[in-house]
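Have a look at the structure below before the remarks.
The values are calculated or read from the model by the stated rules, or taken from the named source; none is laboratory data. Computed from a predicted structure; not experimentally measured. Cβ sites come from the backbone with ideal geometry, for glycine too, and all protein chains shown count toward neighbours. In case anyone asks, the SASA skips ligands and DNA or RNA and just uses the protein heavy atoms, side chains included. Shrake-Rupley method; radii C 1.70, N 1.55, O 1.52, S 1.80 Å.
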Amino acid sequence: MLSFDIEPRVGYLHVALSGELELGMAQAKLSEMLVAAAGLRQAKMLIDCSRVTGNWTPDDRYAFGAYLAAEVQRRSGQFPTLPRIAIYAVAPLMDPNRYTQTVANNRGAQVRASDSVQELLSWLGV
(Lines give C-alpha, C1' and ligand atoms only; values in the text may rest on other atoms or scores of the structure.)
Protein backbone atom coordinates (compact mmCIF):
# COMPACT_ATOMS: atom_id res chain seq x y z
CA MET A 1 0.00 0.00 0.00
CA LEU A 2 1.36 3.41 -0.96
CA SER A 3 0.91 6.48 1.20
CA PHE A 4 2.23 10.01 1.06
CA ASP A 5 2.72 13.11 3.17
CA ILE A 6 2.74 16.60 1.68
CA GLU A 7 4.83 19.38 3.18
CA PRO A 8 4.69 22.88 1.69
CA ARG A 9 8.20 24.30 1.34
CA VAL A 10 9.41 27.59 -0.06
CA GLY A 11 8.46 27.54 -3.75
CA TYR A 12 7.33 23.91 -4.00
CA LEU A 13 5.58 20.99 -2.35
CA HIS A 14 7.65 18.14 -0.93
CA VAL A 15 5.75 14.86 -1.25
CA ALA A 16 7.19 11.91 0.69
CA LEU A 17 5.89 8.68 -0.82
CA SER A 18 6.31 5.34 0.96
CA GLY A 19 5.17 1.75 0.63
CA GLU A 20 5.05 -0.95 -2.02
CA LEU A 21 4.98 0.20 -5.63
CA GLU A 22 2.07 -1.08 -7.72
CA LEU A 23 0.93 0.61 -10.92
CA GLY A 24 -2.77 1.10 -10.14
CA MET A 25 -2.09 2.42 -6.66
CA ALA A 26 0.68 4.72 -7.94
CA GLN A 27 -1.72 6.19 -10.48
CA ALA A 28 -4.40 6.73 -7.81
CA LYS A 29 -1.90 8.39 -5.45
CA LEU A 30 -0.63 10.65 -8.24
CA SER A 31 -4.19 11.87 -8.80
CA GLU A 32 -4.56 12.54 -5.06
CA MET A 33 -1.25 14.45 -5.03
CA LEU A 34 -2.34 16.63 -7.93
CA VAL A 35 -5.67 17.40 -6.24
CA ALA A 36 -3.83 18.40 -3.05
CA ALA A 37 -1.30 20.52 -4.98
CA ALA A 38 -4.09 22.27 -6.91
CA GLY A 39 -5.86 23.02 -3.63
CA LEU A 40 -2.67 24.66 -2.37
CA ARG A 41 -2.20 26.48 -5.73
CA GLN A 42 1.33 25.09 -5.99
CA ALA A 43 2.42 23.85 -9.42
CA LYS A 44 5.91 22.65 -8.42
CA MET A 45 6.23 19.27 -6.73
CA LEU A 46 9.15 17.15 -5.61
CA ILE A 47 8.00 13.56 -5.16
CA ASP A 48 10.46 11.71 -2.93
CA CYS A 49 10.29 7.99 -3.73
CA SER A 50 13.34 7.00 -1.66
CA ARG A 51 11.12 5.03 0.77
CA VAL A 52 9.26 3.15 -1.96
CA THR A 53 9.92 -0.55 -2.53
CA GLY A 54 9.23 -2.67 -5.56
CA ASN A 55 10.27 -3.01 -9.16
CA TRP A 56 8.63 -1.81 -12.33
CA THR A 57 8.75 -3.33 -15.78
CA PRO A 58 9.23 -1.13 -18.85
CA ASP A 59 5.48 -1.52 -19.49
CA ASP A 60 4.72 -0.19 -15.98
CA ARG A 61 7.05 2.77 -16.54
CA TYR A 62 5.40 3.53 -19.89
CA ALA A 63 1.88 3.27 -18.47
CA PHE A 64 2.71 5.52 -15.52
CA GLY A 65 4.37 8.15 -17.72
CA ALA A 66 1.36 8.23 -20.05
CA TYR A 67 -1.03 8.41 -17.08
CA LEU A 68 0.99 11.19 -15.45
CA ALA A 69 0.87 13.30 -18.62
CA ALA A 70 -2.87 12.72 -19.05
CA GLU A 71 -3.59 13.67 -15.42
CA VAL A 72 -1.47 16.82 -15.65
CA GLN A 73 -3.33 17.84 -18.81
CA ARG A 74 -6.70 17.06 -17.25
CA ARG A 75 -5.99 19.13 -14.14
CA SER A 76 -3.81 21.88 -15.64
CA GLY A 77 -6.59 24.47 -15.42
CA GLN A 78 -6.58 24.10 -11.63
CA PHE A 79 -2.99 25.40 -11.39
CA PRO A 80 -1.57 28.90 -11.89
CA THR A 81 0.99 27.45 -14.35
CA LEU A 82 1.58 24.05 -15.94
CA PRO A 83 2.69 21.69 -13.13
CA ARG A 84 6.37 20.75 -12.92
CA ILE A 85 6.91 17.37 -11.29
CA ALA A 86 10.32 16.28 -10.05
CA ILE A 87 10.65 12.61 -9.09
CA TYR A 88 13.46 11.61 -6.74
CA ALA A 89 14.28 7.90 -6.71
CA VAL A 90 17.31 5.71 -6.09
CA ALA A 91 18.33 2.35 -7.56
CA PRO A 92 16.78 -0.07 -8.24
CA LEU A 93 13.61 2.02 -8.58
CA MET A 94 15.33 4.83 -10.47
CA ASP A 95 15.50 3.96 -14.13
CA PRO A 96 18.84 5.23 -15.50
CA ASN A 97 17.18 5.65 -18.90
CA ARG A 98 14.41 7.82 -17.38
CA TYR A 99 11.74 6.08 -19.42
CA THR A 100 8.78 7.40 -17.38
CA GLN A 101 10.15 10.94 -17.71
CA THR A 102 10.54 10.57 -21.47
CA VAL A 103 7.04 9.17 -21.95
CA ALA A 104 5.46 11.95 -19.84
CA ASN A 105 7.46 14.74 -21.47
CA ASN A 106 6.66 13.45 -24.96
CA ARG A 107 2.99 13.88 -24.06
CA GLY A 108 3.34 17.49 -22.89
CA ALA A 109 4.04 17.13 -19.17
CA GLN A 110 7.00 18.77 -17.43
CA VAL A 111 8.69 15.93 -15.54
CA ARG A 112 12.24 15.30 -14.38
CA ALA A 113 13.44 12.11 -12.68
CA SER A 114 16.78 11.85 -10.93
CA ASP A 115 18.71 10.29 -8.06
CA SER A 116 19.97 13.80 -7.15
CA VAL A 117 17.72 16.03 -5.03
CA GLN A 118 19.93 19.02 -5.84
CA GLU A 119 19.49 18.49 -9.59
CA LEU A 120 15.72 18.30 -9.12
CA LEU A 121 15.50 21.41 -6.94
CA SER A 122 17.58 23.31 -9.49
CA TRP A 123 15.27 22.12 -12.28
CA LEU A 124 12.25 23.26 -10.25
CA GLY A 125 13.93 26.65 -9.83
CA VAL A 126 13.90 26.67 -6.04
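Pick out the one residue from Leu13, Leu17 that is part of a strand (DSSP E or B), open to solvent by less than 50 Å² (accessible area, probe 1.4 Å), of a type outside the set (S, T, N, Q) and in contact with a Cys (Cβ under 9 Å, 6 or more places away or on another chain).
It is Leu17.
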What's the number of the condition Asn55 fails, among (1) within 17 Å of Ser18 (Cα to Cα); (2) out of contact with any Pro (no Cβ under 8 Å at 6 or more places or on another chain)? (2)
Every listed condition ((1) within 19 Å of Ala109 (Cα to Cα); (2) of a type in the set (A, V, I, L, M, F, W, C); (3) part of a loop (DSSP other than H, G, I, E, B)) holds for Ile87 save (3)
Look at Glu119 and say whether it is more than 20 Å from Leu2 (Cα to Cα), part of a helix (DSSP H, G or I), open to solvent by 20 Å² or more (accessible area, probe 1.4 Å) and not aliphatic (A, V, I, L, M). yes
Among the numbered criteria (1) open to solvent by 30 Å² or more (accessible area, probe 1.4 Å); (2) within 13 Å of the chain's Cα centre (by Cα); (3) in contact (Cβ under 8 Å) with a residue 40 or more places away in the chain; (4) within 21 Å of Trp123 (Cα to Cα), which one does Gln27 miss? (4)
Among (1) over 12 Å from the mean Cα position of the chain (by Cα); (2) modelled with pLDDT of 95 or more; (3) surrounded by 15 or more Cβ atoms within 10 Å (Cβ to Cβ); (4) more than 17 Å from Leu120 (Cβ to Cβ), there is one condition Arg74 misses while meeting the rest; what is its number? (3)
I need the full set of residues from the range 31-69 which are within 12 Å of Ile87 (Cβ to Cβ), open to solvent by less than 50 Å² (accessible area, probe 1.4 Å) and among the small types (Gly, Ala, Ser), in order please. Gly65
